[in-house]
1. Select from segment 265-276 the residues that are at pLDDT below 95 and under 16 Å from H218 (Cβ atoms) and list them in ascending order.
2. Would you mention how many residues in segment 228-248 are of a type outside the set (S, T, Y) and under 21 Å from the mean Cα position of the chain (by Cα)?
3. Considering segment 250-289 alone, what residues qualify as being surrounded by fewer than 13 Cβ atoms within 10 Å (Cβ to Cβ) and among the polar types (S, T, N, Q)?
4. Could you list all residues from segment 121-138 that are buried (at least 16 other Cβ atoms within 10 Å of the Cβ) and in a strand (DSSP E or B)?
5. Take F81 and tell me if it is buried (at least 16 other Cβ atoms within 10 Å of the Cβ) and either of a type in the set (A, V, I, L, M, F, W, C) or within 20 Å of F48 (Cα to Cα) (or both).
6. Output the number of residues of segment 349-368 satisfying the condition of being over 21 Å from the mean Cα position of the chain (by Cα), buried (at least 20 other Cβ atoms within 10 Å of the Cβ) and over 17 Å from R391 (Cα atoms).
7. Does L294 meet the test of being buried (at least 20 other Cβ atoms within 10 Å of the Cβ), closer than 25 Å to L371 by Cα and either modelled with pLDDT of 95 or more or within 20 Å of the chain's Cα centre (by Cα) (or both)?
8. Please go through segment 230-242 and give me each residue that is out of contact with any Leu (no Cβ under 6 Å at 6 or more places or on another chain) and within 10 Å of I217 (Cα to Cα), ordered by number.
Amino acid sequence: MLRLRLVGFIFAINLNLSFLFAGNVIAFPITTIDSFPALFLDSLHLHFKDHWVISLSPLSNVPLFNPIDGFLIQTGFTTRFNGNKLVEFSLNPRYAIQRKSFYAVANFSAFVHKDDFSSTQLLFSGGNFLTQVNQPFLKNEQIISVINVLEGSNPLFFIEKKFLKVHIEQALFYNIIFQASSEFADRTYLENYTFQRWKFKRNEPLESFNLNDKALIHTLSLSYSPILSINYKKGIPGFLKSESNFDYLELAFFQSFNLKKIGRIDFNFTSGKFLKQEFIHFNDFYHFPTGRTLKSSHPVVSTFRLLPYYEFSTNNYFHRMHLQTQTGDFLLSKWSILKKSNILENLFINLAITDKLQPFLEMGYALDNILKNFRLEIVSGRYDGKWLGPRIILGPTSL
């Protein structure tokens, strides 16, 4: 068993290293190639004249394995017309070798209006894809795949999502943004079953929750960047057998301060409540930004480290607060060798509150800018009268 997992882990690492260090650029007539670094099977940008760009990003930026799909092959294609009003089309196909399943998602966006003070952009997307339940706080699937192989477990819930989405974004003075979208989705939960010989622990849904559903959801958002945002979601029943019927309101406040004697202070407070919940699936619960790694699709400074993935997910109300101070003159950062390398120290606190469980508190200390790109931290948590951790985590820089 351990040998099989070790083989899978080495295979994944070797593929990553091969994609990272091999070099191969394909010449194309009448075009200029802008690819840095120029990597084998990595992002490649082809420029046609002045306004037309084609981008290819085949394999190295995607997960190589998960216990649902098995080993994967994925590519990406984007074409962009850089005229007065940007138009872009992208297609991302993906093939699961063990399941023999083909997925694809397509996106089309265009600016209807654009000038020096405002812009209006339309976006259309649709397809069928394997998606994490914890939207929009996605985890890095390459790192999760390594954890899958080493531990024989998959901590995330995945759904096969067939969807169509229409989105409009109106920007004013660059910092006032209004967004509206409508999405219909047919979502089916998928359990671990592919590599049973590796004895993966089953990531079954939480008790009494059904992850298979159809939903039509309208979303409205107003933000004053980078300080305040207000979001509203409504599930609409009836359309194409949509079952969702709920109202959700969220308020988020985020601010950074630079103080001469202390350094930088980053603060984030987010609060939300489901005002109406006649019918809501676990897919649409609020799921907290958390994870065992710092590599994710959301800022490190507003991410929990030790909070369980779905235990705190709620369909009622929640509050979360994140506070981090960053300085170059505290303890270790005073050492001349670290000061020359611009190593910064961080102290951070994260707090989560919901209606059902005891408040969750975690705190930690971190070093940022290690080799310019990395962050090393030690973190502990307090929940239900018990201490969690400490845990040492290596990840990307926080800011």
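1. L275, K276
2. The initial filter retains those residues of segment 228-248 that are of a type outside the set (S, T, Y), namely 228, 230-231, 233-241, 243, 245-247.
Subset that is under 21 Å from the mean Cα position of the chain (by Cα): 228, 230-231, 233.
The total comes to 4.
3. Q255, N258
4. Q121, L123, S125, G126, G127, N128, F129, L130, T131, Q132
5. Details: buried (at least 16 other Cβ atoms within 10 Å of the Cβ): no; either of a type in the set (A, V, I, L, M, F, W, C) or within 20 Å of F48 (Cα to Cα) (or both): yes.
No.
6. Qualifying residue count for the region: 1.
7. Numbers: buried (at least 20 other Cβ atoms within 10 Å of the Cβ): yes; closer than 25 Å to L371 by Cα: yes; either modelled with pLDDT of 95 or more or within 20 Å of the chain's Cα centre (by Cα) (or both): yes.
Here the answer is yes, as L294 does meet what is asked.
8. Let us first name the residues in segment 230-242 that are out of contact with any Leu (no Cβ under 6 Å at 6 or more places or on another chain), namely 231, 233-235, 237-238, 240-241.
Once the filter is applied, which keeps residues that are out of contact with any Leu (no Cβ under 6 Å at 6 or more places or on another chain) and within 10 Å of I217 (Cα to Cα), segment 230-242 yields K233, K234, G235, P237.
The values are calculated or read from the model by the stated rules, or taken from the named source; none is laboratory data. Computed from a predicted model, the values in this text were never measured in an experiment. Here Cβ is always computed from backbone atoms with ideal geometry, including for glycine, and neighbour counts include all displayed protein chains.
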